[in-house]
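Worksheet for the structure shown next.
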Amino acid sequence: MSRVYVLAADKELSGLEPLSYYRQAVEELGYPMRPFRYELLLENKEGDLEYLRHRLEKDFSPGEVVELWSVWLSGDVNKRCPPRFRGRLADFDMEALEQLLSAEEICFDITI
């Protein structure tokens with residue numbers, strides 16, 4: 001069983017590695033993710049939050065939406081889609097990062 005943090009977007013991003021090792025397992029879940037998927041390595045640190053916010057502000061224009069997923073890859077493909085929360089990047093703070101990292105499965109739809 002593995003936990004994976006995924007950034008899903010509507011466009012390709014430079015400088016981030018596309019989800020590859022876990023791609024098939026993530027696809028088998030059948031969750032409605034945006035087509036371009038990147039694995040994120042995140043910890044509950046202020047530096048990770050700053051890095052994530054910087055990347056999103058750099059790579060996306062105001063009004064664009066990205067998804068941040070936390071998923072468990074357990075081989076169970078009959079799971080229900082995790083809860084989704086919507087918000088603005090300006091409101092994505094340490095508390096939101098902690099929620100992403102500690103929830104069993106969750107998705108944040110973030111508007112830049």
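Some values worked out for this structure:
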read-out: Using a Förster distance of 25 Å, the FRET efficiency for Ser14-Val65 (Cβ separation, nearest 0.05); value: 0.80
read-out: Qualifying aspartates and glutamates (Cα of each under 17 Å from Cα of Lys45; at least 8 residues distant if same chain); value: Asp91, Asp93, Glu95, Glu98
read-out: Mean Cβ count within 10 Å, highest first, over the residues of peptides 49-55, 106-112, 89-95; value: 106-112, 49-55, 89-95
read-out: Against the rule of thumb 2.2 N^0.38 Å, how large the Cα Rg of the chain comes out; value: 0.99
read-out: Accessible carbon and sulfur surface of the chain relative to its total accessible area, %, 1.4 Å; value: 48
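The values are calculated or read from the model by the stated rules, or taken from the named source; none is laboratory data. The structure displayed is predicted, hence computed values, not measured ones. Note that each Cβ is placed from the backbone with ideal geometry, even for glycine, and that neighbours are counted across all protein chains shown. Quick note on the areas: whole protein, heavy atoms, side chains included, nothing else; ligands and nucleic acids left out. Shrake-Rupley method; radii C 1.70, N 1.55, O 1.52, S 1.80 Å.
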